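Everything on this sheet refers to the single structure shown next.
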Amino acid sequence: MAGRLFKVSSLAAAMVSSGFYLYNKQLDLNDLSIVRFGRAAATTAVISFDYLTAFKHVAYGTDEYWALRSKIHLRSAERLRDLCCANRGTFIKVGQHIGALDYLLPEEYTNTLKVLHSQAPQSRLDEIQQVIREDLGKELSELFISFDENPQGAASLAQVHKAVLHDGRTVAVKVQHPKVQRQSSKDIAVMEGLAKAVHWLFPDFGFMWLVDEAKKNMPLELDFLNEGQNAERVAKMLSCFPFLKVPSIHWNLSTKRILTMEFVEGGQVNDREYMKKHSINVNKISENLGKVYSEMIFIHGFVHCDPHPGNVLVRKCPQSKKTEIVLLDHGLYQELKPDFRLDYCRLWKALIDGDMPGMERYSRQLGAGDLYPLFACILTARSWNAVNAGIGSLPVSQSEDVEIRTNAALYLPQISELLNRVPRQMLLLLKTNDLLRGIETTLQTRAASSSFINMSRCCIRAMARHKRKKAQSRSKRLQITLAENLNLLTLTMYELFLWTKDSTLVRWVSALLSFLHPDESGHHT
């Protein structure tokens, strides 16, 4: 009895001592892996139980079934959102990724998780100072004349502060949240384990690729020196576009956890009111953004894979007064292998031209197999009818968008299977496509033909470049160049025709001729 009492007393003393220790250390329970794992496991269990039990007394395919499934999708998405907000860091990053997959996942999930872009955590100033002290070895006052305590923006992995250097230049200082580096590998391991458990319960669940991508990309996104190198590479690569601005890097004030760069102000690319206020042409912005990404994907094979609106700004340049697109956040790029890039290029050319044999051939070469019709629809976010007609010839309608979203919910198992088949490189390209499409939808420029013309132009150039490398003789290379220039000229003439057809002047002339030449009944045509 005395021994048992001693054990109880010892245990109580240990608990009290631990309590005092944790209190004095002001430990955030959210830092404990067991707490983060417990939340994630509990949320996964509740969502899984909901899906397992909800449909027992409902016949598949009935109106009641679809209504119930939509409700379960919504409440599951809300639980997932709450988990991401509670665990922060890597969980928010993965949640943002899911929220960007508009045409791959049910809209209940994407619409609910989109809010994570505006609900990222914010570190305290003393935590930011500690990271700067540890990495740069100096206090804020030694490095900057001023340092804005309130961040310009907070993201899942870092936040950005405006500061002024001692030479008077204004900079943006991106500082990583202090706990993210330590927690990320454990968080990914938790996600991987829980995703495997869900896959065991639901064999149709095929979204292990999300975890695989996070596992591969998170270390890259957490290395800010890698981000700085990407920024300089893409600035040099796309220097042919005078409208593109990539902030320059201050390497002497940058480390793996800190990135100091030129401060550039502007409005988000989806902010129509900002563009209206600053007399920025929405259609031109959409067209130029398409040019930038077509050049990255088809010509260079080095692609910025996070073009959500917060990372793409627009502004009037203070010096030239010309409109610029500002590209931020260069942590995540996809480098496309030459053969993959060429097949992807040929596939898009076939899709634009309505070349169905070519579409099937290159879809299969990219791993789609017999699911090539679904792959074409996912890639273009167009209906099968539009793909058959050639996506460059039919504008996007609202009813078609509704049809695509409905099908995303209906064909979820097939979509999961497809995404597990295609090369890993394709997954980030699909995310990039969806983000760009979302911007076009917000700007109301998605039906414009300019994006397809720019893509066609880049495809023609890329294929000609490949053929020239393979050519054995100068005459053959000359022949390829002449064919390339002829195709580009044809495309330019078509673009001019579209511009002329839609121009105000032509409409006025047509109206005037109609007024001057009434029809036989005496009415003006």
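Scan segment 408-432 residue by residue and report those that are closer than 22 Å to ASP212 by Cβ and open to solvent by 20 Å² or more (accessible area, probe 1.4 Å). Write out each step before concluding.
From segment 408-432, those closer than 22 Å to ASP212 by Cβ are 408, 411-432; that's our starting set.
Once the filter is applied, which keeps residues that are closer than 22 Å to ASP212 by Cβ and open to solvent by 20 Å² or more (accessible area, probe 1.4 Å), segment 408-432 yields TYR411, LEU412, PRO413, GLN414, GLU417, ASN420, ARG421, PRO423, ARG424, GLN425.
Looking only at residues of segment 142-153 that are open to solvent by less than 50 Å² (accessible area, probe 1.4 Å) and part of a strand (DSSP E or B), we find that the one that is modelled with the lowest pLDDT is GLY153. In segment 189-216, of all residues being within 23 Å of LEU429 (Cβ to Cβ) and among the basic types (Lys, Arg), the one that is surrounded by the fewest Cβ atoms within 10 Å (Cβ to Cβ) corresponds to LYS216. Test TYR344 against the criterion of being aromatic (Phe, Trp, Tyr), under 18 Å from ALA462 (Cα atoms) and touching a residue at least 40 places away in the same chain (Cβ under 8 Å), and give yes or no. Against the criterion (aromatic (Phe, Trp, Tyr), under 18 Å from ALA462 (Cα atoms) and touching a residue at least 40 places away in the same chain (Cβ under 8 Å)), TYR344 qualifies. Among the residues of this structure, SER294 does not count as one that is surrounded by fewer than 21 Cβ atoms within 10 Å (Cβ to Cβ), within 25 Å of MET275 (Cβ to Cβ) and at pLDDT below 90.
Helices (runs of 4 or more DSSP H) wholly in segment 154-254 with at least 1 residues that are out of contact with any Phe, Trp or Tyr (no Cβ under 7 Å at 6 or more places or on another chain) and at pLDDT 90 or above - which ones? So that I can check it myself, show each step before the final result.
Details: elements: 180-201, 208-221, 224-237.
The qualifying helices (runs of 4 or more DSSP H) are 224-237.
From the list PRO219, PRO178, the one residue that fits, being surrounded by fewer than 21 Cβ atoms within 10 Å (Cβ to Cβ) and either under 23 Å from PHE49 (Cα atoms) or within 23 Å of the chain's Cα centre (by Cα) (or both), is PRO219. Taking segment 36-93 as the range and being of a type in the set (Lys, Arg), in contact with a helix residue (DSSP H, G or I) (Cβ under 6 Å, 6 or more places away or on another chain) and open to solvent by 20 Å² or more (accessible area, probe 1.4 Å) as the test, the residues that pass are ARG39, ARG79, ARG81. Tell me yes or no: at least one residue of segment 77-96 is at pLDDT 90 or above and of a type in the set (Gly, Ala, Ser). For segment 77-96, residues at pLDDT 90 or above and of a type in the set (Gly, Ala, Ser): present.
Of the residues that make up segment 118-135, is at least one modelled with pLDDT under 95, hydroxyl-bearing (Ser, Thr, Tyr) and open to solvent by 20 Å² or more (accessible area, probe 1.4 Å)? Yes, because at least one residue in segment 118-135 is modelled with pLDDT under 95, hydroxyl-bearing (Ser, Thr, Tyr) and open to solvent by 20 Å² or more (accessible area, probe 1.4 Å). Among the residues of segment 297-321, write down those that are open to solvent by 10 Å² or more (accessible area, probe 1.4 Å), among the small types (Gly, Ala, Ser) and in contact with a strand residue (DSSP E or B) (Cβ under 9 Å, 6 or more places away or on another chain). The one that is open to solvent by 10 Å² or more (accessible area, probe 1.4 Å), among the small types (Gly, Ala, Ser) and in contact with a strand residue (DSSP E or B) (Cβ under 9 Å, 6 or more places away or on another chain): GLY310. Looking at segment 84-102, can you tell me whether even one residue there is within 27 Å of SER383 (Cβ to Cβ), aromatic (Phe, Trp, Tyr) and in contact (Cβ under 8 Å) with a residue 40 or more places away in the chain? No, segment 84-102 contains no residue that is within 27 Å of SER383 (Cβ to Cβ), aromatic (Phe, Trp, Tyr) and in contact (Cβ under 8 Å) with a residue 40 or more places away in the chain.
In segment 278-323, which residues are charged (D, E, K, R), on the phi < 0 side of the Ramachandran plot and part of a loop (DSSP other than H, G, I, E, B)?
Listed by number, the residues that qualify are ASP306, LYS322.
The residue that is least open to solvent (accessible area, probe 1.4 Å), among those in segment 265-285 that are among the polar types (S, T, N, Q) and within 16 Å of the chain's Cα centre (by Cα), is ASN270.
The values are calculated or read from the model by the stated rules, or taken from the named source; none is laboratory data. Treat the numbers as computed from the prediction; the structure is a model and nothing was measured. Glycine gets a Cβ as well: all are built from the backbone with ideal geometry, and neighbour counts include every protein chain shown. Note: areas computed on protein heavy atoms with side chains; ligands, DNA, RNA excluded. Shrake-Rupley method; radii C 1.70, N 1.55, O 1.52, S 1.80 Å.
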